[in-house]
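Below: one structure, written as structure tokens.
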Amino acid sequence: MLMILCVIVDIVSARTQGVVEELRCLGLLNALEKEQDVPDDLVQLFGEPCIKLAEGLKAYISKVKTCHIFNKYAKRVAIPPRTKLLTTGSPRPSAHLTLRDSGLQGTTSLTPQTDLHQSCRHPVRSWGNQSFGSHLHNMTVSNGRLRIPRAGRYYLYAQVYFRYLTLSIDDYHSGSDSHQVVQCVYKKTAYARPIQLLKGVGTKCWAPDSENALHSIYQGGLFELRAGDEIFISVSSPTAVYAEDSSSYFGAFLFDL
């Protein structure tokens, strides 16, 4: 009986000593993880088997981390944001048009279009893509109307530059120097009446000694459009519209969410 107890005590003692040795090896591994040099006396204390075990574990952990980082990066590269995906291989529909001076015909219709809001019944027609920076990709424009080629969310934007001639001193004191300008963005669909999407209003007073009374209105917004819809701009003051590439422009592009 006494012999059996001695054997059990020896086994427990051996297991305890093994656990202590493993803890020492883990302590050495922790030092290696922190990129600390292991002193020679610790190497002699732990022994060569423990050193090899610690270095082997460190190499394995480093390999696992590298594989994890690589897989994470590969997934990001393989799945680009949905905003960059197109349902077809054709370029994304887009347009940036500038206002052209069409001479005697004028850039804007002088005859009011009665099915538009009374504050902006004069469509701007002379948009073109011949100036520097303008373009027309997979879209068409006719009589000032930009045609949508396929359904989707489109960002529409427009700016018209208004310029009034300087009034006399008498007009300035009488209060007639102030002007109200209105700019609208419309959508023409299968319905008979165009639908107003955006409206901008500005009222300005100018000094009597200024060469010109100048004002511009910018508009922009994201809209759900269908294939065949036509977008156009209308204003309140057709004779004040000034054709300048960098100041009067109109555009749209497909914003695929």
Of the residues that sit in segment 234-257 and are closer than 17 Å to SER94 by Cα and of a type in the set (A, V, I, L, M, F, W, C), which one is farthest from the chain's Cα centre (by Cα)?
-> PHE250
Identify, please: which residue in segment 100-140 is touching a strand residue (DSSP E or B) at 6+ places or on another chain (Cβ under 6 Å) and β-branched (Val, Ile, Thr) and is, among those, modelled with the lowest pLDDT?
-> THR107
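The values are calculated or read from the model by the stated rules, or taken from the named source; none is laboratory data. This one's a predicted model, so the numbers in the text were calculated from it and none came from an experiment. FYI the Cβ positions are ideal-geometry reconstructions off the backbone, even for glycines, and counts take in every protein chain you see.
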